[in-house]
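Enquirer: Got a structure for you, questions after.
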Amino acid sequence: ATPTSIMVGTGRAAELGILFRNGEALQTLRSSQVVAVDKTGTLTLGRPELTDFIVAEGFHPDEALSLIASVEAQSEHPIAAAITNGAKNRELQLEEAQDFEAVPGFGATAIVAGRQVAVGADRYMERLGVDVGAFRDQASEFGRKAKTPLYAAINGQLAAVLAVADPMKPTTPQAIRALHELGLKVAMITGDNRRTAEAIAAELGIDEVVAEVLPDGKVEAIRRLRAGNRVVTFVGDGINDAPALAEADVGIAIGTGTDIAIESADVVLMSGDLNGVANAIGLSKATIENIR
Ligand code: ADP
Ligand code: MG
């Protein structure tokens, strides 16, 4: 491509809300074979809501949810907001939490009203030595419905199973179809529960799922997708997407995402609309192949 055609291409892209931070990305994108996407905040709105809450025998629902929400009030994870809003909607009072500790990719814990309260994924409970067997069926059922199952323990005892659901962005199904029409494979990379991720992938026709990835594991996931010289474009929005955005052949950040993701990306989609990915690839083809 000539410098002029690159300029024209980046200019067209800007009109579509696609910001190329370097000219090289415009050249590379057309060779993409796999588009890997982060789930939360990229495919979905990133604003989960509490949909289910079931206590174990011997626990009072309102009291348990109040304790759990009191821990989550200290956390910045989107799931934490879902749980504190759920408690607020039930008009529950929150209490002060002490010794709060967030364990990225696992969950969070604190002392509330003299009790050790922990909330998070099954792998967090496993790490704390809390057996979640009693709620395994409910959790599987939540996963099948594309909800994220969570567990809570109070003083080391399994106290509740919860589910949160994060609505799909309305533009996502069409965006995935457009990528398939370009002949690309679509992969999802997420820290979320495997069943939940697979339910969402099935709904969207996504080809490959890498689930239950730890926050620092996304780079490794990109490396594996790149094996055999496959050209991989990664799309993400979060802090923990930044290294993967840098690792991919082309990194595309959602403009509504975190600053660090945007700074690590080659391309920025100014709106949150994932259709920008197929548009950017189409523009790359048009620019380089000099179809007008
Ligand atoms: P993702 O953003 O893809 O969900 P994270 O690494 O942030 O990935 O979290 C992975 C999982 O860890 C979440 O799906 C959830 O089960 C659990 N988790 C992390 N932080 C919290 C929290 N504050 N409250 C409840 N669960 C949490
Ligand atoms: Mg995200």
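The values are calculated or read from the model by the stated rules, or taken from the named source; none is laboratory data. Source: prediction; values computed, not measured. Positions of Cβ are backbone-derived with ideal geometry, glycine not excepted, and every protein chain shown enters the neighbour counts.
Enquirer: From (1) in a helix (DSSP H, G or I); (2) within 20 Å of residue 41 (Cβ to Cβ), pick out the condition that doesn't hold for residue 209.
Expert: With respect to (1) in a helix (DSSP H, G or I); (2) within 20 Å of residue 41 (Cβ to Cβ), residue 209 is out only on (1).
Enquirer: Among 160, 113, 134, 139, which is among the small types (Gly, Ala, Ser), in contact (Cβ under 8 Å) with a residue 12 or more places away in the chain and more than 23 Å from residue 75 (Cα to Cα)?
Expert: None of the others qualify; the one that does is 134.
Enquirer: I need the full set of residues from segment 113-129 which are within 14 Å of ligand 1 (Cβ to nearest atom) and among the hydrophobic types (A, V, I, L, M, F, W, C), in order please.
Expert: 117, 118, 119, 121, 125, 128
Yes/no matrix, rows are residues, columns are (1) surrounded by 17 or more Cβ atoms within 10 Å (Cβ to Cβ); (2) within 11 Å of ligand 1 (Cβ to nearest atom); (3) of a type outside the set (Asp, Glu); (4) not in a helix (DSSP H, G or I):
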| residue | (1), (2), (3), (4) |
| --- | --- |
| 81 | yes, yes, yes, no |
| 87 | yes, no, yes, no |
| 108 | yes, yes, yes, yes |
| 137 | no, no, no, no |
| 146 | yes, no, yes, yes |
| 158 | yes, no, yes, yes |
| 164 | yes, yes, yes, yes |
| 170 | no, no, yes, yes |
| 179 | yes, no, yes, no |
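Enquirer: Here is a follow-up. Being within 16 Å of ligand 2 (Cβ to nearest atom), within 18 Å of residue 104 (Cα to Cα) and polar (S, T, N, Q) is the filter here, so list the residues in segment 30-74 that pass it.
Expert: Within segment 30-74, just 40 meets the criteria.
Enquirer: So, one more: Considering segment 258-273 alone, what residues qualify as being in contact (Cβ under 8 Å) with a residue 24 or more places away in the chain and touching a strand residue (DSSP E or B) at 6+ places or on another chain (Cβ under 7 Å)?
Expert: If the condition is that a residue be in contact (Cβ under 8 Å) with a residue 24 or more places away in the chain and touching a strand residue (DSSP E or B) at 6+ places or on another chain (Cβ under 7 Å), then 261, 265, 266, 267, 268, 269, 270, 272 are the ones that fit.
Enquirer: Going through 201, 246, 211 one at a time, which residue ends up being more than 16 Å from the chain's Cα centre (by Cα) and small (Gly, Ala, Ser)? Don't jump to the end; show me each part of the working.
Expert: On the way: 201 fails: more than 16 Å from the chain's Cα centre (by Cα); 211 fails: more than 16 Å from the chain's Cα centre (by Cα).
Criteria check complete, one pass: 246.
Enquirer: Something else now. Mind checking which residues of segment 121-135 are of a type outside the set (A, V, I, L, M) and part of a helix (DSSP H, G or I)? Working first, answer last.
Expert: Let us first name the residues in segment 121-135 that are of a type outside the set (A, V, I, L, M), namely 122-124, 126-127, 129, 131, 133, 135.
Within segment 121-135, 122, 123, 124, 126, 127, 133, 135 meet the criteria.
Enquirer: Something else now. Do you know which of the residues in segment 214-255 that are charged (D, E, K, R) and more than 22 Å from residue 106 (Cβ to Cβ) is farthest from ligand 2 (Cβ to nearest atom)?
Expert: Going residue by residue through segment 214-255, those that are charged (D, E, K, R) are 216, 218, 220, 223-224, 226, 230, 237, 241, 247, 249.
Going one step further and asking which of them are more than 22 Å from residue 106 (Cβ to Cβ), we end up with 223-224, 226, 230, 247, 249.
Details: 223: 19, 224: 19, 226: 20, 230: 23, 247: 16, 249: 20 Å.
Residue satisfying both the conditions and the ranking: 230.
Enquirer: Here's something else I'd like to know. Of all helices (runs of 4 or more DSSP H) completely enclosed by segment 242-292, which ones contain at least 1 residues that are at pLDDT 95 or above and of a type in the set (Val, Ile, Thr)?
Expert: Qualifying helices (runs of 4 or more DSSP H): 259-264, 275-289.
Enquirer: Here is a follow-up. Checking the conditions here, which among 258, 196 is buried (at least 24 other Cβ atoms within 10 Å of the Cβ), among the hydroxyl-bearing types (Ser, Thr, Tyr) and within 14 Å of the chain's Cα centre (by Cα)?
Expert: Checking each option against the conditions leaves just 196.
Enquirer: State the number of residues belonging to segment 198-213 that are of a type outside the set (Asp, Glu) and either away from ligand 2 (no atom under 16 Å from the Cβ) or under 17 Å from residue 238 (Cα atoms) (or both).
Expert: Of the residues in that region, 6 qualify.
Enquirer: Follow-up. Go through segment 226-249 residue by residue and tally those that are closer than 21 Å to residue 192 by Cβ and surrounded by fewer than 23 Cβ atoms within 10 Å (Cβ to Cβ).
Expert: Of the residues in that region, 4 qualify.
Enquirer: Restricting the search to segment 181-193, which residues are assigned to a helix (DSSP H, G or I) and either under 14 Å from the mean Cα position of the chain (by Cα) or surrounded by 17 or more Cβ atoms within 10 Å (Cβ to Cβ) (or both)? It would help to see each step written out before you state the result.
Expert: First, the residues of segment 181-193 that are assigned to a helix (DSSP H, G or I): 181.
Hits for segment 181-193: nothing passes.
Enquirer: Would you say residue 248 is closer than 30 Å to residue 128 by Cβ, among the small types (Gly, Ala, Ser) and in contact (Cβ under 8 Å) with a residue 12 or more places away in the chain?
Expert: So residue 248 does not fit the description; no.
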